[in-house]
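One structure is given here, and the rest of the page talks about it.
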Amino acid sequence: MTDASVPSSATPHEVLARLGDLTRRVRSAQRGTWFPLLLLGALTLGGILVSRLTFNVETLPCPASGPATGSDCTLIKQGSPIYWPVGLALAYAATAYFYIRRSRNRGVGTPVRPYVLTGIALVGLATATAFWILHQGPGQPGSRVDFWGLHLDPGSGVTMFLERLAGNAMAVGLPLLVLAWVERNRALLLLTVVYLAVELVPLTTGWAGIAVTSPWSELPCFGVPGMLLLLGALGFGLAELSGRRADSS
């Protein structure tokens, strides 16, 4: 696919047109966007089940400095610090294997290295953050959040934004931006921008009729972005299948 003969009698316009068509065909052969989206979408939806199985509610005395001194506060804990680092590491490893195998079968290069390296770096950062949180231990209800030595007000908008940014927005969204860049894929860029908007804007459970104290309270937070990624995987998969049929006809 990388070799093409151009007649010497062709005009410069025809040469450029054929080279542009060849470039588009090579980029199309290099792309496998549906596969990482499928893995990340399944991983995100799996977070719903993990949150449900690890759901725990505790009633603790409120901090002495808080407005509810002398009463009890409810502490909700759910989620596993191991699920995302291990799941993301496996997803990026599987993506690297998929792209390398595809490039060998089709005889074209693969642009997946920057995406995988970015993902691995963010997996390391997510793992370090998880161990930091475990080392600090669960805080008292209403106490300040220790975010890498920064003691932040848990109710402030900055704290909530940093928590959302340090989650899937960074671990999933940023690598997808890199993938969209290396693949020159505008459709993936648009999908990633929408995904980041969903992750960075807080999704309350009120519209879904789910109480905050429900074991399924994480359903909107994981369900909406997870379905977005799976729909993106379906769309790119159908587009790739359509492109193959067009090339073979």
Expected output for the range 108-126 (first residue surrounded by fewer than 18 Cβ atoms within 10 Å (Cβ to Cβ) and among the charged types (D, E, K, R), partner assigned to a helix (DSSP H, G or I) and at pLDDT 80 or above, Cβ below 9 Å, 6+ apart or cross-chain) is R113/A96; R113/Y99; R113/V182
Taking the stated definitions as given, is F98 surrounded by 14 or more Cβ atoms within 10 Å (Cβ to Cβ) and modelled with pLDDT under 65? no
In the range 219-237, is there at least one residue being in a loop (DSSP other than H, G, I, E, B), within 25 Å of F55 (Cα to Cα) and modelled with pLDDT under 90? no
Per the list (1) buried (at least 16 other Cβ atoms within 10 Å of the Cβ); (2) modelled with pLDDT of 85 or more, residue check on L203 breaks on (2)
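The values are calculated or read from the model by the stated rules, or taken from the named source; none is laboratory data. Model, not experiment: these values are computed from the prediction. Ideal geometry is used to build each Cβ from the backbone, glycine not excepted, and the neighbour counts take in all protein chains shown.
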